[in-house]
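**Student:** The structure that follows is given in the form of structure tokens.
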Amino acid sequence: MPGPLLRAAAVAAAAAAVLSLLSAPAQAASTTGALMLTQVRPNADGADVKNGRQVNLNGEFFVIKNVTSRPVNVRGYVPDITSNGYGRALPSYTLPAGASAQVHTGSGTNRRDSNGVHHIYRGYARHVLNNDGPKNPDLRLKKPGSSDNNTSSGSITSCNWGRAADGRTYRC
Ligand SMILES: [Ca+2]
Ligand SMILES: [Ca+2]
């Protein structure tokens, strides 16, 4: 059985471990799968609605990165926004090894632009990422076949943003 000094040392070590956890950087993007959420712009630049119409839908997006050393087709991955049911699965698009794509809320042609940035479009007619970020996390990316049920089931990577400023991009 350990003596009081040893026990005190163990308690001190445990306390130090807790402190080091608390002082770690707030959050770093991570994934348990092939794709990682790295950035998000929840609040598109400018007004979301003009004359009763939803505008600049593609100014709202999140960024996924292929963290593997091979191409990955993103088809079927489910972005589950924790506060709503806009969980349409991603379309077929092959993201090269190590590449990132902006996944836009509105419509467009999935492509790689002249700056080498990939763009994937979800085809919604309204903004879907919550500007207020009321949950933690606010967005999960789930394995193909997962449900948009606002739980962690099937999740490989997530993003949390809180209240989002107009047109600002946040790191996940
Ligand atoms: Ca939004
Ligand atoms: Ca959801």
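**Student:** Answer with one residue from Gly76, Ala125, Ser158: the one whose Cα lies farthest towards the positive end of the charge dipole of the range 27-171, charges on Cβ with Lys, Arg +1 and Asp, Glu -1.
**Tutor:** Gly76
**Student:** Still on this structure: Please compute the net charge surrounding Arg88, taking Lys and Arg as +1 and Asp and Glu as -1 over other residues with Cβ under 11 Å from its Cβ.
**Tutor:** Residues near Arg88 contribute -1 overall.
**Student:** Report for the range 53-154 the percent antiparallel among DSSP-assigned beta bridges with both residues inside it, nearest 5.
**Tutor:** 75 percent
**Student:** Another question, if that's okay. Multiply the residue gap between Thr32 and Asn73 by 0.36 nm, knock off their C-alpha separation, and tell me the result in nm, one decimal place.
**Tutor:** Taking Thr32 through Asn73 to full extension adds about 13.1 nm, to one decimal.
**Student:** Right, another one. Taking 0.36 nm per residue of sequence separation and subtracting the Cα-Cα distance, how much length would be gained by fully extending the chain between Ala125 and Ala165, in nm to one decimal?
**Tutor:** 12.2 nm
**Student:** Moving on. Starting from the Cα of Ser92, step 7 Å along the direction of its Cβ; do the same at Ser152; then give the gap between the two resulting points in nm.
**Tutor:** Here the answer is 3.4 nm between the modelled labels.
**Student:** First select every other residue whose beta carbon is under 12 angstrom from the beta carbon of Gly76; then total the charges, Lys and Arg +1, Asp and Glu -1.
**Tutor:** Computed value for this residue: +4.
**Student:** Also, quick follow-up: By the scheme Lys and Arg +1, Asp and Glu -1, what is the net charge of all other residues having a beta-carbon under 15 Å from that of Ser107?
**Tutor:** +4
**Student:** Please list, in chain and number order, the residues 5+ apart from Tyr170 or on another chain whose amide H is under 5 Å from its amide H, with Hs placed from the backbone.
**Tutor:** Placed amide hydrogens put Val40, Arg41 under 5 Å from Tyr170.
Just so you know, all these numbers are worked out from the coordinates, no wet-lab data involved. As the structure is a computational prediction, the values presented were derived from the model and not from experiment. Glycine also receives a Cβ, built like all others from the backbone with ideal geometry; neighbour counts cover every protein chain displayed.
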